[in-house]
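Novice: Have a look at this one before I ask anything.
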Amino acid sequence: MLNDVRNVQQLAVGLQKHQRYTPIMESIYKVYPHNPPHYFVPNTMYIVTGSILYKQRLLFGDEHKALVLGILLERAAHWGWEMEAWSILENHYHFIGRAPENALTLEKLIRQLHSKSAVELNKLDKTPGRKVWYNYWDTCITHETSYYARLHYVHLNPVKHGLAQNAEDYPFCSYRWFLEKADESFQGMVMNQPIDRVDIFDDFD
């Protein structure tokens with residue numbers, strides 16, 4: 001299992017090593033609890049949250065989280081989304097990524113992430129046909145300080161939900177990669193940005 005987790009981390013680094021952080025963003029519309037509107041704007045940054053049905057803790061094991069993270073990173077690379085931050089938790093996920101020219105691919109990315117991971121999770125748990133995912137919420141970020149705050153929030157999300165004391169030790173979020181790949185000045189801008197007023201759908205406790 002430890003090798004599987006390391007492989008996911010190596011995949012994350014491999015997919016991201018050619019990318020660099022660039023400031024942008026702030027939320028331009030409010031999202032709603034079910035059938036939310038999805039706005040697609042090319043070459044801008046999005047924060048996306050996906051929820052397990054009924055907020056069940058179906059991603060309770062390391063293998064479950066690694067499976068979802070691996071599919072997310074693979075599908076993001078396939079559709080040309082540049083990942084900037086991610087956290088896979090027990091009953092939801094968050095990620096921040098830059099849209100390619102065809103931002104409509106976000107819908108395809110999420111649909112494939114949910115369908116592929118549901119099949120594999122149900123194989124793992126021996127629960128064929130079980131419905132796994134509920135919905136997802138996407139927000140376009142348009143303001144620099146909002147971008148920093150959301151990066152900070154997503155990197156440290158495992159700590160918020162009590163899954164780690166130090167996000168650097170949590171293999172299913174991007175914080176360790178961020179510390180290894182981002183320069184110190186950018187790390188300071190992100191991690192010094194307050195997150196107490198960040199408005200992200202995260203009611204999963």
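Novice: Which of the residues belonging to the range 93-109 are closer than 21 Å to Val154 by Cα and part of a helix (DSSP H, G or I)?
Specialist: Leu106, Glu107, Leu109, listed by residue number.
Novice: Between residues in the range 115-144 that are at positive phi and without any contact (Cβ under 8 Å) to a residue 60 or more places away in the chain and residues that are part of a loop (DSSP other than H, G, I, E, B) and surrounded by 17 or more Cβ atoms within 10 Å (Cβ to Cβ), which pairs lie under 8 Å by C-beta distance while being six or more apart or on different chains?
Specialist: Nothing qualifies.
Novice: Hey, another quick one. So in the range 30-86, with the set limited to residues that are assigned to a loop (DSSP other than H, G, I, E, B) and of a type in the set (S, T, N, Q), which one is modelled with the highest pLDDT? Show your work before the answer.
Specialist: First, the residues of the range 30-86 that are assigned to a loop (DSSP other than H, G, I, E, B): 30-44, 56-61, 80-81.
Retained after the next criterion (residues that are of a type in the set (S, T, N, Q)): 35, 43-44, 56.
Values: Asn35: 41, Asn43: 75, Thr44: 88, Gln56: 97.
Looking at the filtered set, the residue picked out is Gln56.
Novice: Taking the condition of being of a type in the set (Gly, Ala, Ser) and without any contact (Cβ under 8 Å) to a residue 12 or more places away in the chain, how many residues in the range 167-184 meet it? Spell out how you get there, then give the answer.
Specialist: Restricting attention to the range 167-184, the residues satisfying the condition of being of a type in the set (Gly, Ala, Ser) are 167, 174, 182.
With without any contact (Cβ under 8 Å) to a residue 12 or more places away in the chain added as a condition, the list becomes none.
Result for the range 167-184: 0.
Novice: Do we have Asp62 as touching a residue at least 60 places away in the same chain (Cβ under 8 Å), more than 17 Å from Ser174 (Cβ to Cβ) and either over 13 Å from the mean Cα position of the chain (by Cα) or buried (at least 23 other Cβ atoms within 10 Å of the Cβ) (or both) here? Can you show your working first?
Specialist: Numbers: touching a residue at least 60 places away in the same chain (Cβ under 8 Å): yes; more than 17 Å from Ser174 (Cβ to Cβ): no; either over 13 Å from the mean Cα position of the chain (by Cα) or buried (at least 23 other Cβ atoms within 10 Å of the Cβ) (or both): yes.
When the stated conditions are applied, Asp62 does not pass them.
Novice: Taking the residues in the range 157-166 that are touching a helix residue (DSSP H, G or I) at 6+ places or on another chain (Cβ under 9 Å) and touching a residue at least 60 places away in the same chain (Cβ under 8 Å) as candidates, determine which candidate is surrounded by the fewest Cβ atoms within 10 Å (Cβ to Cβ). If you could, list the steps in order and put the result at the bottom.
Specialist: As a first pass, look at the range 157-166 and keep what is touching a helix residue (DSSP H, G or I) at 6+ places or on another chain (Cβ under 9 Å): 157-160, 163-166.
Then drop every residue that is not touching a residue at least 60 places away in the same chain (Cβ under 8 Å), which leaves 157-158, 163.
Numbers: Asn157: 28, Pro158: 24, Leu163: 17.
Here the residue is Leu163.
Novice: Looking at the range 111-151 only, could you name the residues that are touching an Asp or Glu at 6+ places or on another chain (Cβ under 7 Å) and within 20 Å of Asp62 (Cα to Cα)?
Specialist: First, the residues of the range 111-151 that are touching an Asp or Glu at 6+ places or on another chain (Cβ under 7 Å): 124, 141-143, 146, 151.
Passing the criteria: only Leu124.
Novice: Got a sec? Which of Glu184, Glu180 is over 15 Å from the mean Cα position of the chain (by Cα) and within 24 Å of Ile71 (Cα to Cα)?
Specialist: Values: Glu184 fails: within 24 Å of Ile71 (Cα to Cα).
Result: Glu180 is the single residue among Glu184, Glu180 that is over 15 Å from the mean Cα position of the chain (by Cα) and within 24 Å of Ile71 (Cα to Cα).
Novice: Test each condition in (1) assigned to a loop (DSSP other than H, G, I, E, B); (2) free of Cβ contacts under 8 Å to residues at least 60 places away in the same chain for Gln112 and report the one that comes out false.
Specialist: Of (1) assigned to a loop (DSSP other than H, G, I, E, B); (2) free of Cβ contacts under 8 Å to residues at least 60 places away in the same chain, only one is false for Gln112: (1).
Novice: So, one more: For the range 185-200, does any single residue satisfy the condition of being within 21 Å of Val48 (Cβ to Cβ), of a type in the set (Ser, Thr, Tyr) and either surrounded by fewer than 20 Cβ atoms within 10 Å (Cβ to Cβ) or free of Cβ contacts under 8 Å to residues at least 24 places away in the same chain (or both)? Explain how you work it out, then say what you get.
Specialist: Taking the range 185-200 first, the residues within 21 Å of Val48 (Cβ to Cβ) are 190, 193, 195, 197-200.
From what is left, the residues that are of a type in the set (Ser, Thr, Tyr) are none.
No, every residue in the range 185-200 fails to be within 21 Å of Val48 (Cβ to Cβ), of a type in the set (Ser, Thr, Tyr) and either surrounded by fewer than 20 Cβ atoms within 10 Å (Cβ to Cβ) or free of Cβ contacts under 8 Å to residues at least 24 places away in the same chain (or both).
Novice: Can I ask one more? From the residues in the range 145-155 that are surrounded by 14 or more Cβ atoms within 10 Å (Cβ to Cβ) and either among the hydroxyl-bearing types (Ser, Thr, Tyr) or without any contact (Cβ under 8 Å) to a residue 24 or more places away in the chain (or both), which one is farthest from Ala85 (Cα to Cα)?
Specialist: Here is the first cut: in the range 145-155, the ones surrounded by 14 or more Cβ atoms within 10 Å (Cβ to Cβ) are 146-155.
Then keep just the ones that are either among the hydroxyl-bearing types (Ser, Thr, Tyr) or without any contact (Cβ under 8 Å) to a residue 24 or more places away in the chain (or both); that gives 146-148, 153.
Values: Ser146: 14, Tyr147: 11, Tyr148: 11, Tyr153: 9 Å.
That would be Ser146.
Novice: It is to be established whether one or more residues within the range 84-99 are farther than 17 Å from Thr139 by Cβ and free of Cβ contacts under 8 Å to residues at least 60 places away in the same chain.
Specialist: Just the residues of the range 84-99 that are farther than 17 Å from Thr139 by Cβ, to begin with: 88-91.
Add one more test, that the residue is free of Cβ contacts under 8 Å to residues at least 60 places away in the same chain, and what stays is none.
No, the range 84-99 has no match at all.
The values are calculated or read from the model by the stated rules, or taken from the named source; none is laboratory data. Being a predicted model, the structure only gives us computed values, none of them experimental. Here Cβ is always computed from backbone atoms with ideal geometry, including for glycine, and neighbour counts include all displayed protein chains.
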